[in-house]
Each structure stands twice: as structure tokens, then as C-alpha cells.
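Only one structure is covered here, and it is reproduced in the block below.
The values are calculated or read from the model by the stated rules, or taken from the named source; none is laboratory data. Here the structure is a predicted model, which means the values were calculated and not measured. Counting neighbours? That spans all protein chains shown, and the Cβs are built from the backbone with ideal geometry, glycine included.
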């Protein structure tokens with residue numbers, strides 16, 4: 001290997017590690033929901049401004065991820081799922097992660113305010129603050145309800161997308177927020193059921209660690225049942241319609257059935273098959289949220305081309 005090739009390899013590896021700091025999988029969800037909020041808003045925005053707004057919201061989400069990895073490096077090092085992340089593995093220093101997060105936070109907030117409006121930039125700043133300070137620094141290590149309250153940060157992007165177009169908030173984006181907010185606990189609690197050993201080792205007070213798996217399964221069912229009416233209300237809002245309603249009915253039926261399977265599980269069965277049901281429910285939860293927002297996208301397209309039903 002030549003010196004040039006070796007340098008290129010190291011340089012590419014560093015860029016890859018910096019990108020991983022931004023939590024690209026989480027960022028993809030931020031981008032998708034923010035884009036739907038922006039596209040469904042009842043006003044026009046120049047295409048280049050729309051693309052820039054979505055990109056800047058994604059960068060803001062990535063900045064939150066970098067700051068989360070900086071602060072949680074000690075926890076991440078103790079968990080198998082996160083031990084290979086750039087900071088706990090030593091490939092990126094905590095200082096580098098912090099500085100990258102702070103720079104991208106300021107960059108995304110200021111430019112979003114310039115490209116769209118000050119209200120959207122301010123809301124993005126609040127979202128970053130909520131995720132990093134309220135959730136990461138405070139709630140995550142102090143209460144088993146961390147994901148319930150802290151989940152609000154992941155529910156803000158569709159509201160930011162909407163606000164980037166309109167400059168204000170109405171019922172529809174609030175319902176989109178409510179959808180993601182109510183979806184977050186069953187999604188993450190199903191993950192925590194089969195990652196319980198990791199959270200126990202890291203002393204993170206997730207619900208299965210503090211209250212046990214039985215209570216967690218009960219809460220998954222409870223929040224799933226509360227999620228159903230919130231998701232259906234969107235069908236009768238300004239961004240909804242029959243296409244979304246059909247998708248929501250089908251996905252809610254599958255989601256409730258999945259939560260019922262988890263609720264009925266016995267601890268011995270859960271241990272014996274290594275939480276196969278919980279893993280399936282976790283994957284289903286991702287399909288559920290994607291499907292509902294895809295339904296909203298379909299309705300937005302129909303509304304934009306002048307085909308409205310409700």
C-alpha cells in the first residue's frame with residue numbers, strides 16, 4: 001500500500017466516523033417526518049428552499065446525535081449495541097464530538113432561520129436543546145419514564161417542517177407530533193426488552209430495569225392503545241383522507257395485535273426464544289410509523305394535484 005493510499009484510507013475512515021456521530025439511521029427518520037410536515041403544509045415554498053430546509057433539519061438532528069454521543073460515551077462503552085461507536089471505541093475524541101455537535105447546531109439553526117423563517121430556526125434550536133439537555137443530560141439517567149418525556153424531541157421534526165413553510169403551528173402538525181410522541185414509548189420499550197442486559201450493565205433506568213419486563217409489556221400495550229385514536233384523528237384533519245385512513249386502520253390492527261402478543265407473554269417463554277416476539281414488534285413499529293407518514297405523503301400529493309376527498 002502506498003503512502004497516498006494509506007492516507008486516503010485513514011482520511012476516509014475519519015469521515016466515516018464523523019458521519020456515524022450524526023446517527024444516520026435516526027437522522028433518516030428525522031428527514032422523512034420533517035419532509036412530510038413540510039410537504040403537507042398548506043402553503044408554497046420554493047423547491048430549493050424546501051430542499052435546504054430538510055437538509056438543515058437533518059443536520060440539526062445529526063448535531064443532536066453527536067452531542068448525545070459526546071455526553072453518553074461512558075454509557076455507550078458498557079453496552080454491546082453501542083460500544084463500537086466512534087467515541088467509546090476511541091476513534092473520535094469526546095472533544096471532537098462535542099465541537100462537531102456545537103458547530104452543526106449553530107450552523108443548522110442560523111441557516112434554517114435565514115432560508116425559511118426565524119420561528120422555524122428557533123424551534124430547531126429548542127428541539128436540539130430538548131434532546132441534548134432535557135433528555136440526554138437529565139432524563140435518561142434519572143427516570144424510567146425518560147423515553148416518554150424525552151421522546152418529544154423526536155416528535156418535533158414534522159412540526160419544524162410545517163413551520164418552515166407557514167411560520168406557525170396548527171392542529172395538523174400537532175397531531176403529527178402526537179403520533180410520533182405516542183409511538184415512541186412502545187417502540188423503544190420493545191427494544192429495551194431484548195436489550196435489557198445492556199441497559200442493566202450501563203445502569204440506565206429503562207423501564208424493564210426498574211420495573212421489570214411484565215410492567216414494561218403492560219405499558220407497551222397501554223401506549224399502543226392510546227396511540228390508535230391519535231393516529232386515526234389525522235385522517236380527519238386537513239392533511240388526512242381516505243387513503244391515509246385505510247393505511248392507518250390496517251397498521252393499527254397489526255400494531256395492536258403485536259402489542260397483545262407481547263402483553264400475553266410469559267417470562268419463561270420470553271427468555272426461551274430470546275425475545276423473538278419483541279424483536280418482531282420492534283421491526284413492526286418502524287414499518288408502522290413509516291407507513292402512516294407515507295399515507296400522509298400520499299394525501300399531500302393528492303391535495304397538491306387537486307384531488308381532495310375530506
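From the list 141, 201, the one residue that fits, being out of contact with any helix residue (DSSP H, G or I) (no Cβ under 9 Å at 6 or more places or on another chain) and within 29 Å of residue 98 (Cα to Cα), is 201.
Set side by side, the residues 133, 165 differ, and just one is surrounded by fewer than 22 Cβ atoms within 10 Å (Cβ to Cβ), on the phi < 0 side of the Ramachandran plot and at pLDDT 95 or above, which is 133. From the list 112, 55, 29, 104, which one is under 19 Å from the mean Cα position of the chain (by Cα) and surrounded by 21 or more Cβ atoms within 10 Å (Cβ to Cβ)? Within the list 112, 55, 29, 104, the selection yields 104. Flag: residue 118 matches the condition of being surrounded by fewer than 23 Cβ atoms within 10 Å (Cβ to Cβ), more than 21 Å from the chain's Cα centre (by Cα) and closer than 26 Å to residue 165 by Cα.
Would segment 45-60 turn up any residue that is at pLDDT below 95, touching a helix residue (DSSP H, G or I) at 6+ places or on another chain (Cβ under 6 Å), over 24 Å from residue 164 (Cα atoms) and part of a loop (DSSP other than H, G, I, E, B)? No: zero hits. Can you confirm whether residue 200 is under 21 Å from residue 81 (Cβ atoms) and surrounded by fewer than 24 Cβ atoms within 10 Å (Cβ to Cβ)? Against the criterion (under 21 Å from residue 81 (Cβ atoms) and surrounded by fewer than 24 Cβ atoms within 10 Å (Cβ to Cβ)), residue 200 qualifies. Being in the same structural domain as residue 41 (by TED's automatic domain parsing) and either surrounded by fewer than 23 Cβ atoms within 10 Å (Cβ to Cβ) or in contact with a helix residue (DSSP H, G or I) (Cβ under 8 Å, 6 or more places away or on another chain) (or both) narrows it down to one residue among 236, 177, 181, 156; which is it? Selected residue: 156, the only one of 236, 177, 181, 156 that is in the same structural domain as residue 41 (by TED's automatic domain parsing) and either surrounded by fewer than 23 Cβ atoms within 10 Å (Cβ to Cβ) or in contact with a helix residue (DSSP H, G or I) (Cβ under 8 Å, 6 or more places away or on another chain) (or both). Considering only segment 204-218, state which residues are surrounded by fewer than 21 Cβ atoms within 10 Å (Cβ to Cβ) and in contact (Cβ under 8 Å) with a residue 60 or more places away in the chain. If the condition is that a residue be surrounded by fewer than 21 Cβ atoms within 10 Å (Cβ to Cβ) and in contact (Cβ under 8 Å) with a residue 60 or more places away in the chain, then 204, 205, 209, 210, 211 are the ones that fit.
Residues that are free of Cβ contacts under 8 Å to residues at least 60 places away in the same chain and surrounded by fewer than 15 Cβ atoms within 10 Å (Cβ to Cβ) were ranked within segment 239-253; the one that is farthest from residue 216 (Cα to Cα) is 246.
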